[in-house]
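To keep things clear, I will list the structure first and then write my remarks on it.
The values are calculated or read from the model by the stated rules, or taken from the named source; none is laboratory data. All of these numbers come straight from a predicted model, not from anything done at the bench. Positions of Cβ are generated from backbone atoms using ideal geometry, with glycine treated the same way; all protein chains shown enter the neighbour counts. All accessible areas refer to the heavy atoms of the entire protein, side chains included, with ligands and DNA or RNA removed. Shrake-Rupley method; radii C 1.70, N 1.55, O 1.52, S 1.80 Å.
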Amino acid sequence: LPWAPVTQFTPGFTGQTWAPRFWEESSKGAFASGVLAPALGAVRFNAYLAGLMHKVGATILFRALSRGLGGAPPPACERFRRVVEASVPLLSCRVAYEWDLPATVVAALNPNNTELPLRRVVAAGARLAQVHTLIANERYQSASSRQRWIEDTELSTQQQAAWAELNRYAPPNPA
């Protein structure tokens, strides 16, 4: 994949604050999706690839925002967050289509295909990666809040196994 142009960010608010975590979260999402795939009826390679592509739409959006806002921070309102949340999956799906990735990967990235096993795998892997990245970057302030998230989330057996593998793959910072 021609990944370098997608993961390179220009200076500015988004390039300095969000960009460093993009690759971390994407690679963890790909890894977790690959671990979850066999148990949830998906092909491991396609799950890994879709997990890697899951956030690529965010890079496009934040790169455009960085240029448009001249390096200033984006709006911190609920409406803006909803627009971003709705746009990222569509952009990710479009990039996968334009890059001629396997049709199953493109379909899994389409936010309207909620019933596809590969879509569910990627969503679960992305959620595990997101929380793992938050923990690794000390966004959860205490070990008890981290443990409470794990307990409150009621992870399936497969998700617990993926979480354990993810911790072996990229251990979070100690509390």
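A few notes on this one:
- Qualifying residue in region 51-63 (condition: touching a residue at least 40 places away in the same chain (Cβ under 8 Å), basic (Lys, Arg), open to solvent by 70 Å² or more (accessible area, probe 1.4 Å) and farther than 15 Å from residue 89 by Cβ): no
This table checks each residue for (1) assigned to a loop (DSSP other than H, G, I, E, B); (2) loosely packed, with under 12 Cβ neighbours inside 10 Å; (3) at pLDDT 70 or above.
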site	(1), (2), (3)
134	no, no, yes
140	yes, no, no
149	no, no, no
158	no, no, yes
162	no, no, yes
165	no, no, yes
168	no, yes, yes
174	yes, yes, no
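- Scanning region 82-102 for residues that are more than 16 Å from the chain's Cα centre (by Cα) and without any contact (Cβ under 8 Å) to a residue 24 or more places away in the chain returns 82, 83, 97, 98, 100.
- Residues that are part of a loop (DSSP other than H, G, I, E, B) and hydrophobic (A, V, I, L, M, F, W, C) were ranked within region 24-70; the one that is nearest to residue 166 (Cα to Cα) is 37.
The rows are residues; the columns are (1) at pLDDT 95 or above; (2) surrounded by 17 or more Cβ atoms within 10 Å (Cβ to Cβ); (3) in a helix (DSSP H, G or I); (4) not small (Gly, Ala, Ser).
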{"site": "79", "(1), (2), (3), (4)": "no, no, yes, yes"}
{"site": "83", "(1), (2), (3), (4)": "no, no, yes, yes"}
{"site": "87", "(1), (2), (3), (4)": "no, no, yes, no"}
{"site": "91", "(1), (2), (3), (4)": "no, yes, yes, yes"}
{"site": "105", "(1), (2), (3), (4)": "yes, yes, yes, yes"}
{"site": "115", "(1), (2), (3), (4)": "no, no, no, yes"}
{"site": "119", "(1), (2), (3), (4)": "no, yes, yes, yes"}
{"site": "122", "(1), (2), (3), (4)": "no, yes, yes, yes"}
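- Of the criteria (1) more than 17 Å from the chain's Cα centre (by Cα); (2) at pLDDT below 85; (3) surrounded by 13 or more Cβ atoms within 10 Å (Cβ to Cβ), which one residue 24 fails: (1)
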